[in-house]
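Everything on this sheet refers to the single structure shown next.
Please treat every number below as a calculation from the coordinates, not as lab data. Please read all numbers here as calculations on a predicted model, not as lab measurements. As a convention, Cβ positions derive from the backbone with ideal geometry for all residues, glycine included, and neighbour counts pool all protein chains shown.
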Amino acid sequence: MAVVVIMPKQGQSVESCIITEWNKNKGDQVKKGEILFAYETDKASFEEEASADGVLLAVFYNTGDEVPVLTNVCVIGEPGESTDAFAPSGSSSVKTEAPEVTATSTKEEVPAEIVATESSNSSSSEAVSPRARILADEEGINLNSVRGSGPNGRIIEQDIQAILAKQPKSTPLAKKKAGQEHLQGSTIGSGLGGSITSKDLTQQNQVSGTDFEIKKLSNIRKLIAKAMHQSLQNSAQLTHHLGADARRMLEWRRKIKKATDGGYPVNITINDMVCYSVIKALKQYPQVNAHFLGDSVKYFNNISLGIAVDTDRGLMVPAIRNAGNLTIQELSNNMRDIAAACRKGAIDPELLSSEAASFTVSNLGNYGVEMFTPVINLPQVGILGVNTIVPRPKDLGDGAYGFVPYIGLSLTYDHQALDGGEATRFLKQIATEIENLDFEL
Amino acid sequence: MPKVQFIDPSLARKASEITFKPIPVNQYAKTIAQEKDNFSNDDLVRIYHDMVVIREFETMLNLIKTTGEYSGVPYDHPGPAHLSAGQEAAAVGMAYLLDVEDFIFGSHRSHGEILAKGLSAIQKLSDADLMQIMETFFNGTVLNVVKKDFKGTTKELGRRFLIYGTLAEIFARETGFNKGLGGSMHAFFTPFGVYPNNAIVGGSGDISVGAALYKKVNRKPGMVVANIGDASMACGPVWEGLSFASMDQFNELWEGDMKGGLPVIFNVMNNQYGMGGQTCGETMGFGKVARIGAGVNPDQMHAERVDGYNPLAVIDAYRRKRKLIEEKKGPILLEVLTYRYSGHSPSDASSYRSKEEIEAWQAQDSIATFGHNIVAEKITTQQELDSIWAGIKEIMVEMLKLSINDEVSPRMDIKQRPEQIGEMIFSNQSVDKMDDRVPEVNHPMEENPRVIQISKKERFAFDAEGKPFSKMKQYQLRDGIFDAIVDRFYKDPTLIAYGEENRDWGGAFAVYRGLTEALPYNRLFNSPISEASIIGTAIGYAMCGGRVIPEIMYCDFLGRCGDEVFNQLPKWQAMSGNMLKMPVVMRVSVGSKYGAQHSQDWTSLVAHIPGLKVVFPVTPYDAKGLMNSALQGTDPVIFFESQRVYDIGEQFHKVGVPEGYYEIPFGESDIKKEGKDITILTIGATLYRALDAAKILEEKYNMSAEVIDARSLVPFNYEQVIASVKKTGRIIISGDATSRGSFLNELARNITELAFDYLDAPPVVVGSRNWITPAYELEEAFFPQPDWFIDAIHEKIVPLKGHISNQNFSDSEQIRRAKLGV
């Protein structure tokens, strides 16, 4: 009966051994206890003894071969016995395959997708990693507008990089200059492929250095600031511009000048005449003489005209009550008195409330302003800006053209309350009133 | 272990009994008249003189501590003073016959031994040699102080030098024997054969054995005396020193002139108390220390008790013991009976002993008795003795004044040179060999079977197609360590290596396979399984001038040599004022698979201790290069190896591990894989799991990781890591140490500080759990695994699309675990 000799397992971690020497050859007689071959692990050397008497019938591995443990190495038996059944598959003739190592293929560079964890969605953390903070600073990115994708919503570098990826690239010089001088680039640069160059940089904050002082706002300034800001935020304002032939008004003005020189008590100004015309137009367009209250509109039976007055302490808009009942002389006197009261600070605060007036006129004509977009005093639905008088070419009939003085009118209205047609018709009506102005001296 | 020693069961099992020889106790009975052949009159007077020097020195310190002045010279000494008044005859008797090249080691109470051995050496040195020692020691700094305006003889100058150098050291002056860095409990002066005294009880018990080993292995003249106290006989390291010193192999296996015992005397100064504990009657059971010798070896260590109150009795014992040492019959145990008058320290109220007892011993005072006897024998007169004492008092006053004078005896100027102590922590030298002899080997290196075997191996793990060679054919990490060590064995004749199963077996992890064939026993041998003696003797061996590789088989056994690794190995270079070098490369193997007491990574423990260099290579290239650096240096290196990777081939250094000599500098980390999105810094074999994690990151999450192997812990250069973090903004620091208090946190803290502005997330530490190491089958729950890295990134650094974590790295979990202490 053939006895097979296996490579012993010398220790838990040993997977294979190397045969260092054969003491017997194939065909040799062997006795139990004789040494067949020597082998070694990476730690030590061993010798394998024959476990039976007989002939060494088969040798499957040669000196120097590495043999997996528990593999058949040789067979001892009686001459003539078959050993084929014992031949291991990986003996000398058959090479053992070394495990394959997958070659690392070069991958295309794809930026990792930004993933937000659940916690980052729900968290309102304002944490910013130092790296992200500095990058944002260098690139002039406002962190308030960045949503963090890091753990617990922390803003991390990739969040800033994502924003940068959407912006045009900057040249290195532009980046450096922007960082050092606190400049920022326009959205599209003038460099290659729209990149921002140092020339495209603008001052982020022109007031820099230490040459400034900080003053608290006066109360009136605070009120104006709040009212103006709220006005623009809370209404749908737009402005129409239109000119009115001013020849008749200027003619009246000459007459009045002459009359006052002769002792006439009331010096009626162009502004008085414009306001008088506005009052007349308002009577025909009650929907402009109103307050817009969101879900309702308040229409006024009388007219309370707000007039913008420039004072040392800021803009004031006192109201002329019952303006619809006044003669132009009364209106003129009233306006003069009230403006004086404003400048002296003696005005009744009641009259300054934006709710005290039903419509407002702001005249910048004296300063030569040709066109502007006045801001509505909410909840009023409109405001008229009065501009300077400029000569304009006009068809005088029969193919003749001449220069005619025109006064510019800029009506800002709240589109929530009025439509463009109504507003335009109202503005046109003011022009008509100006062009057909009439009153008694 | 050795095959030549056959353990015959028939003999081993035979009935018999162990017998003991009587142990002599105070057998000396000679009179001075009977000793006249051995001592001249001058010799006897000198014995008296030397005892008085010690008495007066200790009296001076006692008065300074208790009254703030000595002979009208006021001084405040806030440091320790463990005094030995009463023990003078024991010290002088011990030192009297010793030659200059005989070394003594001591304890915290060793002023007397320093002075006795110093005075003995001064007596034996020629004037020229003495002068040369004094002139060259710290470039004459100490000598210059005592020779100013001094007109006496060279020997008198030598005595001033000795007293001043010791006193200035006690007072922490830069002009002291150890620049003031040793102090009262550690002062020493090697040119006179006075080796370190040790403030840890029994500390010299194993270190001195290493010194004796040095003398034996390197054929240096002289013997070694370990002066330890009676109470130290309970200390484990002392027993380990005894066991190591009495190994059979010195007589049974070591060959030629190396055959024979170690030249060491354990000189137990039995002053009857360990602090306040009375060793005879209270805290020990030996009755007399000499009894212990009977339990150690068949020679009973030639143990005896001698009367340490009579200097001539002690000298007589040394005359007999010295002969035994010369006949290579060491080790020897000598109990020298004595008594200390002062307390353990000046704050000791002696509440544990009676006034009567102290007075009874004082009534038999050794100095008074000896003085009386030599006057009675007409060797000298009382007047002469009185004038000797007066002269010594005068010198003491003068040396005290010098040593407390801030101008001639300044302290180290830490303000002027704030890094002065730091500069002494390491010696940082590069030395091929510690001695010039031809190294003793058994055959040329190229004939060594292991060297031949390694030469056939593949020095890079992969073939040209990138397929790995089989493990057996790869040049493994253990081969890299072997390469460097065998090379040094053929270069440095002083190099020796030992530990458990180092010879024959070749080390439990086969690193030393082949070394047994190359080296004689005296260069490679097996130690007892006693780690304190393995490291303690290595310290003594290196301290005397040899290079040594002690091995600790499992990192977990570090605790067994805690004092040696924490208190001795790291301290002596700086505590000697850089007089001593410590070229000890301590190999420590970190286990796995073997559960709670065989699988721990304790790199952090040693990294915490100043004065140790700590490296942990995990590739064959790094292991060879760092071992070369360790063996070329002069500093203690704790060289960690991982049992996970002894068989790993070189996967990174593409040209393969060089066959020639090369060094990898300590402190430099190595980038094993470049990347740009995240840095992973690892200590130890965790590297390979980090690389697996890097692969997952690349394949599944399109994230490229840069993997850096720290390689060294102490020293550590942060520059490369910081540069990487500047690039990636993110870092994980990982190792197999349990994470609480580990060096991983030290790295994380420094990286946070040094790269704060570049960080996109806090550095994350991925260490092992703060548990016991479980069984191999459960290790995945304990040691960092590749998926832990992914989980840590997902939860702490940047969320990864579609990733579901298995490990909980959340803040709340971190707090919960800390709260529970796990």
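Between residue A:167 and residue B:470, the simple label model (points 7 Å from Cα in the Cβ direction) yields a spacing of 6.2 nm.
Here's how it looks for residue B:106: its modeled amide H is under 5 Å from those of B:197, B:198, B:227, which are all 5 or more places away or on a different chain.
Seen from residue A:255, the other residues with C-beta closer than 15 Å to its C-beta sum to a net charge of +1, counting Lys and Arg as +1 and Asp and Glu as -1.
Candidates A:236, A:266, A:192 compared by Cα position along the dipole of chain A: farthest toward the positive end lies A:266, with charges placed on Cβ. Computed from backbone phi, the HN-Hα couplings of segment A:413-423 come to 9, 8, 5, 5, 9, 10, 9, x, x, 4, 4 Hz, rounded to whole numbers (Karplus: 6.51 cos²θ - 1.76 cosθ + 1.60, θ = phi - 60°; Gly and Pro given as x).
Taking 19 Å as the straight-line reach from the Cα of residue A:394, the lysines in range (excluding those fewer than 8 positions away in the same chain) are A:428. For segment B:434-447, putting each phi into the Karplus relation 6.51 cos²θ - 1.76 cosθ + 1.60 with θ = phi - 60° gives couplings of 8, 8, 9, 5, 7, x, 7, 9, 8, 7, x, 4, 5, 8 Hz, in residue order, rounded to whole numbers and with x for Gly and Pro.
The share of Cα pairs per 20 Å bin across chain B, counted from zero up to the longest distance, runs 15, 42, 31, 11, 1, 0 percent.
Once the chain from residue B:136 to residue B:326 is taken as fully extended at 0.36 nm per residue, the excess over their C-alpha distance is 65.3 nm. Taking each of B:624/B:672; B:726/B:796; B:148/B:378 in turn, the alpha-carbon distance tops 28 angstrom for B:148/B:378. Each Lys and Arg adds +1 at its Cβ and each Asp and Glu adds -1 at its Cβ; summed about the Cα centre, segment B:369-485 shows a dipole of about 740 debye.
Once Lys and Arg get +1 and Asp and Glu get -1 on their Cβ, which of A:41, A:164, A:30 lies farthest toward the positive end of the dipole of chain A? Ranked along the dipole, the leading option is A:164.
For chain A, with a Gaussian network of springs between Cα atoms less than 10 Å apart, report the residue from A:264, A:367, A:61 with the top mean-square fluctuation. Ranking A:264, A:367, A:61 by mean-square fluctuation puts A:61 first.
Listed by chain and number, the aspartates and glutamates whose C-alpha is less than 15 Å from the C-alpha of residue A:32, apart from same-chain residues fewer than 8 away, are A:47, A:48, A:49, A:53, A:78.
Between residue B:462 and B:469, the built amide H atoms are under 5 Å apart, and every one of these is 5 or more places off in sequence or on another chain. Only the Cβ atoms of Lys and Arg (+1) and of Asp and Glu (-1) were treated as charged; on that basis the dipole of segment A:3-86 about its Cα centre amounts to roughly 100 debye. Applying 1/(1 + (r/R0)^6) with R0 = 35 Å to the Cβ-Cβ distance of residue A:232 and residue A:300 gives a FRET efficiency near 0.90. For residue A:422 and residue A:195, the FRET efficiency from 1/(1 + (r/R0)^6), where r spans their Cβ atoms and R0 equals 51 Å, is about 0.55. Using the rule -39500 (n - 2.57) for each DSSP H run of four or more residues, divided by the residues of chain A, the 222 nm mean residue ellipticity is -8500 deg cm²/dmol.
Extension gain for residue B:517-residue B:447 works out to 24.2 nm (0.36 nm per residue, less the C-alpha to C-alpha distance).
For segment B:351-429, applying the loop criterion from DSSP together with a ceiling of 15 other beta carbons within 10 Å to the GluC sites (Glu not before Pro) yields B:377, B:407, B:419. Extension gain for residue A:398 to residue A:220 (0.36 nm times residue separation, less C-alpha to C-alpha distance): 58.5 nm. Within the protein assembly as shown, DSSP assigns beta bridges of which about 50% are antiparallel (rounded to the nearest 5).
Sorting B:184, B:354 from the fewest to the most surrounding beta carbons within 10 angstrom yields B:354, B:184.
A dipole drawn for segment A:3-86 from +1 and -1 charges on Cβ atoms has a positive end, and of A:51, A:14, A:73 the residue lying farthest that way is A:51. Taking the Cα centre of the protein assembly as shown as origin and assigning +1 to Lys and Arg Cβ atoms and -1 to Asp and Glu Cβ atoms, the resulting dipole is close to 3360 debye. Under 14 Å of direct C-alpha separation, and excluding same-chain neighbours fewer than eight residues apart, residue B:155 reaches these aspartates and glutamates: B:50, B:127, B:129, B:135. In segment B:445-642, the DSSP beta bridges split such that about 5 percent are antiparallel, to the nearest 5. For the protein assembly as shown, the pair-distance distribution built from all alpha carbon pairs, in bins 20 Å wide starting at 0, is 9, 24, 23, 16, 11, 10, 6, 1, 0 percent. Label residue A:12 and residue B:372 with points 7 Å out from Cα along Cα→Cβ: what is the distance between them in nm? The answer from the label model is 7.2 nm. When the listed pairs B:124/B:329; B:473/B:581; B:30/B:288; B:14/B:323; B:415/B:571; B:673/B:700 are checked against a 28 Å cut-off, the alpha-carbon distance exceeds it for B:473/B:581; B:14/B:323.
Taking the Cα atoms of segment B:445-642, the ratio Rg/Rh between the radius of gyration and the Kirkwood radius comes to 0.97. Note on residue B:405/residue B:813: beta-carbon distance plugged into 1/(1 + (r/R0)^6) with R0 of 56 Å gives a FRET efficiency of 0.35. Using θ = phi - 60° in the Karplus curve 6.51 cos²θ - 1.76 cosθ + 1.60, the 3J(HN,Hα) couplings for segment A:353-361 round to 5, 5, 7, 6, 9, 9, 7, 10, 10 Hz; x is entered for Gly and Pro. Excluding residue B:812 itself, what net charge comes from residues whose Cβ is under 14 Å from its Cβ, given Lys and Arg +1 and Asp and Glu -1? So the surrounding residues net to +1.
Put simply, the amide H of residue B:642, placed in the peptide plane, has neighbours under 5 Å in B:590, leaving out anything fewer than 5 places away on its chain. Count Lys and Arg as plus one, Asp and Glu as minus one, and take only other residues whose Cβ is under 12 Å from that of residue B:87; the net charge is then -2.
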